[in-house]
Every structure is written in structure tokens, then in C-alpha cells.
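Report on the structure given below.
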Amino acid sequence: MIEKLCMVLIFVGVAVGVGIYCRRHTGTVDGFILGGRNVGPWLSAFAFGTSYFSAVIFVGYAGQFGWKYGVAATWIGIGNAILGSLLAWWVLGPRTREMTHRLGASTMPEFFGARFQSKGLRIAAAAIIFVFLIPYTASVYNGLSRLFGMAFGLPYEWCVIGMAVITCIYVVLGGYMATVMNDFIQGIVMLLGIVAVIVAVLVNNGGFTEAITTLSLIPAEDSEMAGPFVSFFGPNLPDLIGVIILTSLGTWGLPQMVQKFYAIKSGPAIKQGAIISTVFAMIVAGGSYFLGGFGRLYGGQVEMTAAGTPVYDSIIPTMLSTLPDLLIGIVIVLVLSASMSTLSSLVLTSSFTLTLDLIKDNLVKNMSEKRQLSYMRVLLVVFIIISAVLALIQYNSSITFIAQLMSISWGALAGSFLGPFFWGLFSKRISRPAVWASFIVGVGLTSGNMIAGFVGTPFIASPINCGAIAMVLSLVIVPLVSLFTKHVEFEVDPPHVEGAIDREYEQELEGEGEGAAPSTSAGAPQPDATPTPDPEDEPTTAPA
């Protein structure tokens, strides 16, 4: 108990210390929410990975999909690494960094407002983020209860309150830089922890060969396949593909993930970050799902519902309960790291989105920079409190709405934003109606499917498949609707700024950066790169 407690206290002390150290970066709005757009590849890559993989992945998804698909669940982690990390960085990273820099956009709603010259789109995007990130934030706490109960015998309420307080302190003090620096430290813990846990679990089951042999003898429900849980694609390939699409393609449209590309230092740093984040995802996500694939070896110990189905959140804790105390302590710190890194990213995104895109210039006019920072810090505290309260309500009552709403958060957010953001970066012929259509389909399909499930039968049985379909539809709807509607004139590759970020970086390396006039500046878009609004369009404010 002393070993485990010391590890947790050291972890907490480091997190708070980083927050205090990073206070010097929080004097401006750009510094507080983007770290001055000067974050290096290692910090950015680890921030991307730790925001991607929370306790929901390690405890919930790894247990659930490992139970359903066996070791084939490892494909989910591979998809997360290749599609969700490597391709996201290669395809979106450089263009996102340059376009948001040119437009002076600090948030995804601000990008939509400046790129499509529409205040309405900016407000709608901010509202969608607020509605669907709050319950997502609440779910981050879910992976803690059983693990802390197993390790310390502490009530779930204490775990939730403790994590909320610690996260609140270091994010309010240090902003984005405190988040990414802690993400780097927490990412190292996650890498070491997942490798140690996999080795220990396999050793407990007689080694890799013995564990695979035992797993191959377990039959799958509703399947005549021999050895279904050690087969290449598992017993249910279509549903496995749906999970891969949702958990991998979703990162391309989630505001808290795309945000990492806004803040990175340069084009070359993006190329380095792509490799680092891919390796991180392969180890953490691939390892988590691979570990979950052996969950059925513990079938006699896993908690079951009255209907005879396993309580998925109990599978991974059951597997870990037989480990030595030192390893259990590592797992506790691992899950704390995964939870706090994701929580900090989500509440930071929620607070500055609400401040900059809903409150500023709409509810409060002429908002000074100091006042913006005050609003962000207050809202950070408010969002953390709301998410903690929702998590406690969900845990202590029979209310299931929060958990069900959580299951569609990724589908609703990415299903709304993926198409508009992707095509907005790469095509100059995208229309406002196309963006509105994507918003409506993304939110409408996922929310409508959930409501239909409450009152009867959902349109699509699996909310995961529903979310994956919403994302694909978003990519198709935006260019299709744009063919028949008037597009917003915008030059995505003006000659005088193309490659300017990389050239500026090269000048810095040659020692010329200090004397050279920068091609762009955050918050001050180039006049020639600004979209040309239609005379008939609604009046808009200039990008911040």
C-alpha cells in the first residue's frame, strides 16, 4: 500500500509542479491556449497520443472489444496508429498549421467562421462542441472506480474529486503548455506501464504460446468458427471494421485532437511528430487491445450482468487483480495519466471555445485579453466541476442517459466536423450550405439513432457503426452539396504564402530568422489570403 501511495503522490506532485512552472507562458490568450504556437514535435506528438487514449480506451474499450473479437482487437490499435495518427499528421498537420496561422484561427469554430465567412457556422460549431464534449469529459472518470477500489479500497467519489482537483490546478495555472508537458511525462508512464502489464499477464497465463492455445479452445457465441478469438480477423469482421473507422478516422474531426496541429512549431516538426505519435499509438493502443484480447481467459472471474453478459469495465481490472502490488501501482499511475491527460485537453478545448466563439463579441463586447483569460480560467473550473458531477450522478444512480450520450460523442463531433474541416483545408469550392448539411447529418443521425433506441429500436443497432457512418457521410456530403450551391471564394494556396511556415523555420536554422520579417503572425491574417465575402451574405466580424 505504501509503494502504491508513494507512486501516486509523486505523480500528483510532478503534475502540479509543471503547472506552476508553465505559468510564464500564460500571459496572453495565444500563449494560454496554444503555447505561442511554438510547441516542439515530441511534446505535440505525446499530447496528441495521450489525448487520444484515455482510461476509456484502456479499461472500457480494450476490455469490451477484446472480449468480442479476441486478439483480432489488436487491429483497432493498428488502425489507430496508421489511420488515426500517421495519416492524420501527414495529411492534416501541415495544412492545418498553415491555414490556421494565416486565418488567425485559434479554435475549430473560429476556423469555420473565418474560412466560410459565417458567424452562424462559428456559433453552431461552438454549441456542438460544448454539448458533446461535456459528457465525453464525464466518461473519462469511468475507468478509475474499479481500479482504485481494487488497489486502495477508496470510494469512487474520492477518486473523481481528487483527479478533478489536480487537473484543475495545473491546467488553470499553466494552460496549454502545462497540459502538453504533463502529457509528455504521462505518456512515458503509459508506454512503460502497458508493456509491463502485457508481459505480466502473459506470464501469469503460462506465457504467450500457452495463453494463445487456451484462448483458441474457447468458442464464440453465434459462431461456428474454430478458434474464433485467435483468428486473424476475429468472429465478427464487419463490426470490427466499424470500430476501427470510428476510433481512427474520428481523430481527423475532433477539435481537441486537431488543436495539436494549430500549436506545433513548424512543418519539419510536424513530420517528426507524425513518426513519434505513430509509434506511441502502436504501443499504447495496440498493446491495450492486444491485452484485452486475452480477457476470456478470465471468464470465470469476470463480473456478469443478470442477462449473462459480462460487465465490460470489470474485465481489465479482473485481469490486473492478480498482479504484484508494484505492477498494480504502475497501472494506477498509468490510468491516472491516461485520464488526466485527456481530461485536461477536453476542458481546455471547451473553455476557450466557449469564451472565444460564444461569449466574446456575442454576449460580451470589447473583451480585453486579460478578461478573456479570466473567463477561460473560470470556465475551466466550471467544466471540470460539471464533468465530475455528471460522473458521480452516473455512478450513483440508475440514470443511463449520460453513458449512452457518451457513446455517440465521437460520432456526433467527427460526423459534423470531419467533412467541412478536411474539404475546407484543401478545396476552394466549398459552400456554406454544405457545411450546414454536415452539421445537421452528424448531430441528427447519431442523436436520432440514440433517441430511437430509447423509445424502441434504433435505426442502426450499434452506436459505433452509426458514428462511423456519420463520418463517412460527412466526407461525401460536403463536396456533393457544394456542387449545387454557391461556394465561398477562397484561395487555399496563394503563391505568396505557400510554404511560408517551412521557409521561416529554415531561416531560423540558418540564423536569419531574427532579422527576417515573419510571413505570417498568429491573430493577424494576410490581407490577400482573406476569403472574399459575397455582398448578399450575412455581415461578419473579422477573424480575431
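Read the figures in this text as sums done on the coordinates, not as results from a lab. Here the structure is a predicted model, which is why all the values come from computation and not from measurement. Please note: Cβ atoms are built from the backbone with ideal geometry, for glycine as well, and neighbour counts cover all protein chains shown.
Here are the numbers:
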item	result
Spatially proximal lysines relative to LYS486 (Cα-Cα < 26 Å; intrachain offsets below 8 disregarded)	LYS119, LYS428
Per-peptide average of other Cβ atoms within 10 Å, ordering 203-209, 438-444 highest first	438-444, 203-209
Other-chain or far-sequence residues with amide H under 5 Å of LEU254's (modelled H)	none
Check: segment 408-498 dipole with +1 on Lys, Arg Cβ and -1 on Asp, Glu Cβ, in debye	240
J(HN,Hα) series, segment 334-345, from Karplus relation 6.51 cos²θ - 1.76 cosθ + 1.60, nearest Hz, glycine and proline x	4, 5, 4, 4, 4, 6, 5, 5, 5, 4, 5, 5
J(HN,Hα) series, segment 234-240, from Karplus relation 6.51 cos²θ - 1.76 cosθ + 1.60, nearest Hz, glycine and proline x	x, x, 9, 5, x, 5, 4
Amide H within-cut-off set for SER431, under 5 Å, with H built and near neighbours excluded	SER482, VAL488
Charge sum, other residues only, whose C-beta stays under 14 Å from ALA125's C-beta, Lys/Arg counted +1 and Asp/Glu -1	+2
Karplus-derived HN-Hα couplings along segment 409-423 (A = 6.51, B = -1.76, C = 1.60, θ = phi - 60°), whole Hz, x at Gly and Pro	4, 4, x, 5, 5, 5, x, 7, 9, 4, x, x, 5, 4, 5
Where the Cα pairs of segment 408-498 fall when distances are cut into 10 Å bins, in %	19, 41, 25, 11, 3, 1
Set of lysines near LYS271 by C-alpha distance (under 17 Å), chain-local residues within fewer than 8 positions excluded	LYS260
Summed residue charge, Cβ within 10 Å of GLY273's Cβ, Lys/Arg positive, Asp/Glu negative	+3
Cβ crowding within 10 Å averaged over residues, with 217-224, 108-115 ranked highest first	108-115, 217-224
Listed residue (VAL455, ILE408, TRP423) projecting farthest to the positive dipole end of segment 408-498, Cβ model	VAL455
Footprinting exposure proxy for CYS6, CYS466, CYS168 (fewest neighbouring C-beta atoms within 10 Å first)	CYS6, CYS168, CYS466
